[in-house]
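Read the structure below first, then the notes.
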Amino acid sequence: MSRLIVRGLPQYLTEDKLKDHFSKQGNVTDVKLMKKRNGESRRFAFIGYRSMDDAEKAVRFFNKSFIDTSRIDVELAKTFSDPNVPLSFKEKRKLDEIRLREQEERLVQEEEDRKTKRTKTHKSTLADEIDKNEKLKEFIEVMKPSSQVKSWANDTIADGKGGPSAKDLEEALARQDGGIESSTITDSAFETAKAVEAESDDEYEAFGKNGDDEASDDEQMVSLKDLETDSKEVQEPSIHNDANASDLDWLKSRRVYMRDNAENQGKSVEEEAKEETSSKVIQKKEKSSTPIVEETSEEKISKKISETGRLFIRNISYESTEQDFRGLFEKYGDLEEVHIAIDTRTGKSKGFVYVQFSNNDDALSAYNSLDKEIFQGRLLHILGADNKKDHRMDEFQLKNLPLKKQRELKRKDQASKSQFSWNSLYMNTDAVLDSVASSMGISKSQLIDPQNSNSAVKQALAEAHVIGNVRKFFEERGIDLTSFDKKERDDKIILIKNFPFGTTVEEIGEMFSQYGQLKRIIMPPSGTIAIVEFRDIPNARSAFTKLAYRRFKKSILYLEKGPKELFIREPTENESVGSEVTTEKPAVEAKVTAKDIMETSATNEEENDETTTDGPTVSVFVKNLNFTSTSQQLTEVFASLPGFVVATVKTKPDPKNAGGVLSMGFGFVEFKTKEQANIAISTLDGNVLDGHKLQLKLSNRQSSTNNSSKVDKAKKSTKIIIKNLPFEASRKDLLELFGAFGQLKSCRVPKKFDKSARGFAFVEFNLLKEAENAIDQLSGVHLLGRRLVMQYAEQESDDVEAEIEKMTKKARKQMATRDIAAARLSGKGKIDLEGKEDQDFESLT
């Protein structure tokens, strides 16, 4: 791991001094001096290095060494995933809480099982008692609420004993009305009308008594004292068999069977009420004391990551890049986005990063593997992040828009993801013609004659002229044109294309600066293309998303992310934002003439001859040079290193001083091997020359002494093949277009049997230098709307035998293709052509 633990430090040592001491052996990213609560040092600290190699080198160098008079012990720190690391107090407390929670859950479950068993036993005993006692069963049926009893339920319970007949009722009613004499009613009738003992008095009405007697027989009010009976009286069994007992006494005798527990028998009503209240309080306490199972912090984080698939990582190094974290997390799954938060005021990292995975399970796997792990000398702390705010419309909302608007929104959404088919130096044709016409002092109508057949050729030559000027301007501003061929893109750099001629730097800066602070804006005098570099990546992404395919004046902006390592030096004071307001005039100063090209080529050849060595060399790119530094001073710095070959400072002509040159702020130092170049970088990176700290790194360019350049030069020829040629282009157009760069030896446009063009052509020059100039100047040029693709054609071999061998292979391939096509037409499958090839070609030779 790239994190060290240092023990035995002096009591007075501070973190700043500790960082200075350990920075001698590598790039220190973190220093943590452990202290007590009162601020006193605990005499040990953690040191984080950016790379593992630096950490191991520091262990070998500092272990058992001395800081002042204190001997220190240095070793690699262990991560939390190491089983030998003792648990912290927090982890121990967490384990104790989990163990206590499990014990409480077990006790609660046992108590519930006990209560369930007791309740089942009590219910079964009470049900048996009710089944044995018919009167109790009848009482329970009667006392049921009306919602649980049918309206005819009493009919099924009553047995008809003691009820008067219909005739007796008629006689009783007639007697009350005086219609029948009282003598005619026998005593037996009265006896029949009487209610049976122990029956409800509310059910039947007594007959044979006057109104006074009925009033006197009404049931008297019972006082509360009468209700207070002793538990012994309630349990007296004599009341069950006493015929003179009242209904209230009978009810009191039966109430013991309605209690919840058999243990409460013999207690008074007040005591039972108190016990019931206390039991409810106990139940509430039990519920409140029951532990609520809460999720741990790790479980909450894992749950959130499973839902969003997005990680929030903090405690990262302030020098870390998005590419560093992309390489760290790509091992666990496909990534959609890696975003380091940037402080817009300072332009520096805030110390945390967001990582969005395509699959949520991959994000969870990365969290389980990398949380609390060491990366670049720091302990990563990973949390679950919320979903990124998305203001894009869904499919339903998108379908409700017009078709044109739908295409525009989809094209903007895919702008940052797609790879453009045009070249990086693509320019608006109308802007190109306006620029050329303005530089020549004529109107655009005079430049292009619609009645002339060679208007397309003039347009292509004008574009080649502008592209040449733009390339020269970009090289003077520290732009590496070879980087345009790279596929890797830099989110901070944006190429702006297709804007109208006459657009100023102020307008470009005003449009892009509203999304963040700009580092530089570069626009050539032709005004056909611009490059904007933001200080922060998030602001550049926002600007790209908002401004891609936006209508600007009478055109639509085309934006493309610039390639990585586009700029080979930092912007100077003259190249900062707003410095390009005054463009260079006249435009002819940036024009590349044939004389300049020939002189540049001759100079390069002379340099190649001077610096030629026996083998290939490796170049070290040196930037942040003082503009007063010379090649001689740079040579003196690197000459003592092993494997040194040559050192040069790149210069450009001084426009104010004829014959003078100006430094471009960077240079190249060449070494014989890559190992020697790496030694030079590790030794002199950060060395100060003329007040500037040098920045060194390996260069990707091909060395002037590299044998590969000789091989590439051997492959060049005077014949050029032009691909992606418009079908409307004629041989005359090609003669006019390529004839502007030298004398043509031949020009051939292959055609089909129907006399239509096949989309490619061959052009041959008398001199190799003329062919090279044509390819350099016409690279990326459009003819009749198509971008020309050119490359050197294969040279004819001087060896006759080699030429025959090449023709033989070509003929074999053609005949094999013909035989396969004939077999398919005849309905046969693949045939064995290998046996026939030798026989067929023997006849040809």
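The values are calculated or read from the model by the stated rules, or taken from the named source; none is laboratory data. Worth saying up front: this structure is predicted, and the values here are computed from it rather than measured. With ideal geometry, Cβ positions are generated from the backbone for all residues, glycine too; neighbour counts draw on all protein chains shown.
Anything in segment 641-658 that is over 21 Å from GLY478 (Cα atoms) and over 48 Å from the mean Cα position of the chain (by Cα)? List them, or say none.
Of everything in segment 641-658, just one residue is over 21 Å from GLY478 (Cα atoms) and over 48 Å from the mean Cα position of the chain (by Cα), namely ALA658.
Name, by its number, the condition in (1) assigned to a loop (DSSP other than H, G, I, E, B); (2) surrounded by fewer than 17 Cβ atoms within 10 Å (Cβ to Cβ) that does not hold for GLU801.
Looking at each condition in turn, GLU801 falls short on (1).
Kindly establish whether GLU171 is under 30 Å from GLU299 (Cα atoms), modelled with pLDDT of 50 or more and either out of contact with any strand residue (DSSP E or B) (no Cβ under 6 Å at 6 or more places or on another chain) or part of a helix (DSSP H, G or I) (or both).
Taking the combined requirement at face value, the residue does not satisfy it.
With (1) modelled with pLDDT of 80 or more; (2) not in a helix (DSSP H, G or I) as the list, and LYS150 as the residue in question, which single condition is left unmet?
With respect to (1) modelled with pLDDT of 80 or more; (2) not in a helix (DSSP H, G or I), LYS150 is out only on (1).
Does LEU694 meet the test of being over 30 Å from LYS751 (Cβ atoms) and at pLDDT 85 or above?
yes
In this structure, is VAL466 in contact (Cβ under 8 Å) with a residue 12 or more places away in the chain and either surrounded by fewer than 15 Cβ atoms within 10 Å (Cβ to Cβ) or within 25 Å of PHE552 (Cα to Cα) (or both)?
Yes, satisfied.
How about segment 500-555: which of its residues are of a type in the set (A, V, I, L, M) and within 23 Å of ALA437 (Cβ to Cβ)?
VAL505, ILE508, MET523, ILE529, ALA530
Can you tell me which condition SER682 does not meet? The list is (1) assigned to a strand (DSSP E or B); (2) within 24 Å of SER23 (Cα to Cα), and all the others hold.
(1)
Return yes when LEU662 is on the phi < 0 side of the Ramachandran plot and either assigned by TED's automatic domain parsing to the domain that holds SER779 or modelled with pLDDT of 85 or more (or both) and no when it is not.
Here the answer is no, as LEU662 does not meet what is asked.
Filter segment 19-41 for residues that are surrounded by 15 or more Cβ atoms within 10 Å (Cβ to Cβ) and over 37 Å from the mean Cα position of the chain (by Cα) and give the result.
Scanning segment 19-41 gives HIS21, SER41.
Tell me the residue from ASP394, ASP390, ASP430, ASP413 that is outside the structural domain of SER317 (by TED's automatic domain parsing), farther than 30 Å from SER81 by Cβ and at pLDDT 75 or above, please. Can you show your working first?
Working: ASP394 fails: at pLDDT 75 or above; ASP390 fails: at pLDDT 75 or above; ASP413 fails: at pLDDT 75 or above.
Selected residue: ASP430, the only one of ASP394, ASP390, ASP430, ASP413 that is outside the structural domain of SER317 (by TED's automatic domain parsing), farther than 30 Å from SER81 by Cβ and at pLDDT 75 or above.
Can you tell me which residue within segment 66-105, out of those that are of a type in the set (Phe, Trp, Tyr) and at pLDDT below 85, is surrounded by the fewest Cβ atoms within 10 Å (Cβ to Cβ)?
Result: PHE89.
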